[in-house]
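So the structure is just underneath, and the comments pick up after that.
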Amino acid sequence: MEKNTFATSAYIATSPETAFKYLCSLKNLDDWTLFSRMQEQIDEDTWLGTASGYHRNLYYHVKKLESPLFYGIEWHCGLEYNQYFQVYPVLLFPPEYIEPGTDEKGVYFHWLSFVDPGRQTQMIMQGIHTVHTSECRSLKANLERREGLKTAAKGRYFINTDTIYVDAPVELGVEYLKEVKNIDEWAHLVRPVGELSGQSGDFLDEYDQKVTISVRVHSLSKYYLLEEEYFYPEHNFYQRSVALLIPAAYSFADPEATGFILHRITFWKNEGQFTHGKLQIEDFGAESMNIKRFLEAKAGNLKSFDRGMSYIPVHKLQQPELVGSH
């Protein structure tokens, strides 16, 4: 997994509209975060406040994401006004998006965090899992308490993710992944039936079950969102996943950063298991490695794959290799 990103998720028993409105107000961070306390409002979408991971105050900025599929925002943080070096995308998935025709209410909250390895402190990266996981639980409790709940509600699904760094232009990634015919190159659990073109096509899965795979690309803020849908017509079964393709220059606020982060968001049943489609997060992870390998080769970056799954700042790549003493 990409080591400079962290994701946390929760099912929340409130409406997507209620959750979105609550998250858009930075002052509400006072109620559920460990120590983000808004002290001075700078403008309509920006506050100056305390922080859990620093001894200095941070500027907090919120930006609404425009999408016809679901609600979303970004939180931005920085030590100076309008100079933000941390970006936190948040997506709110309605249950209907995950399982078409469901009668489940509520919303699935997904929070993605980036910390530039050139600026991160040891405490930030060692503590982000603990703090954000606990804060996610606190957010869920705050919103569910407002709905009259006395204990944590359980959703029918949970979210799991796979993240990898791809050292290739994000536009190349979008053009490659939006073509269904390329699935035959980077996926290994399906094979095409007939000629493929466009953004939808027929395949057979690893058990020779018929599946129609569709992909759709949307612009979202400074990056792209790729929907992938598996539909088994003989079983009326859908499996949907979402991928974010975020330029590293944006996610890490570093104009010298090349490539992009491929963050795949997947949905799994809390009770029972799928019998069709991908059956484990490793199925997505294996595909992501193949996508990285093919795209970096197309971009001429053959050495990047050997460095692993994570983004490495340019200045660290330029450092001379250490030679052992004799």
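All of the numbers you see were taken from the coordinates with simple rules; none came from a lab. None of the values given here were measured: they were computed from a predicted structure. Positions of Cβ are generated from backbone atoms using ideal geometry, with glycine treated the same way; all protein chains shown enter the neighbour counts.
General observations
- Cα-based reach from residue 269 at 12 Å (exclusive), listing aspartates and glutamates while leaving out same-chain residues under 8 positions away: 99
- Electrostatic tally near residue 34: other residues with Cβ closer than 12 Å to its Cβ, Lys and Arg +1, Asp and Glu -1, net -1.
- Computed lengthening from residue 314 to residue 35, 0.36 nm per intervening residue step minus Cα-Cα distance: 97.2 nm
- Length gained on full extension, residue 146 to residue 208, computed as 0.36 nm times the residue gap minus the Cα-Cα distance: 17.5 nm.
- Amide hydrogen proximity for residue 237: with H placed 1.01 Å from N in the peptide plane, the residues at 5 or more positions away or on another chain lying under 5 Å are 232.
- Entry note, the chain: relative contact order of 18 percent, from Cα contacts under 8 Å with a spacing of 6+ residues.
- If R0 equals 51 Å, the separation of the Cβ atoms of residue 103 and residue 43 corresponds to a calculated FRET efficiency of about 0.75.
- Ordering 78-87, 45-54 by mean Cβ neighbour count within 10 Å, with the highest value first, yields 45-54, 78-87.
- C-alpha center-to-center spacing [segment 114-128, segment 34-68] in angstrom: 18 Å
- Cα pair count fraction exceeding 35 Å, expressed as % - the chain: 24 percent
- Relative contact order of segment 21-85, taken over Cα pairs closer than 8 Å and 6 or more residues apart, is 22 percent.
- Basic side chains Lys and Arg get +1 at the Cβ, acidic Asp and Glu get -1 at the Cβ, and with that the dipole of segment 177-326 about its Cα centre reaches some 460 debye.
- In order along segment 157-172, the Karplus-derived 3J(HN,Hα) couplings, from 6.51 cos²θ - 1.76 cosθ + 1.60 at θ = phi - 60°, round to 10, 9, 9, 10, 9, 9, 10, 8, 8, 10, 8, 8, x, 4, 5, 5 Hz, and Gly and Pro are given as x.
- For segment 70-156: relative contact order, % (alpha-carbon pairs under 8 angstrom, 6 or more apart): 19 percent
- Local electrostatic count at residue 284 - Lys and Arg +1, Asp and Glu -1, tallied over other residues with Cβ under 12 Å: -3
- Across all Cα pairs in segment 150-262, the calculated P(r) in 10 Å bins from zero up to the longest distance comes to 13, 37, 30, 16, 5, 0 percent per bin.
- With 0.36 nm allotted per residue and the present C-alpha distance subtracted, the residue 218-residue 18 stretch has 69.6 nm of extension available.
- In this calculation the C-beta distance from residue 134 to residue 237 is compared with R0 = 51 Å, giving a FRET efficiency of 0.90.
- For the chain, with +1 on Lys and Arg beta carbons and -1 on Asp and Glu, the positive-most of 182, 288, 18 along the dipole: 18
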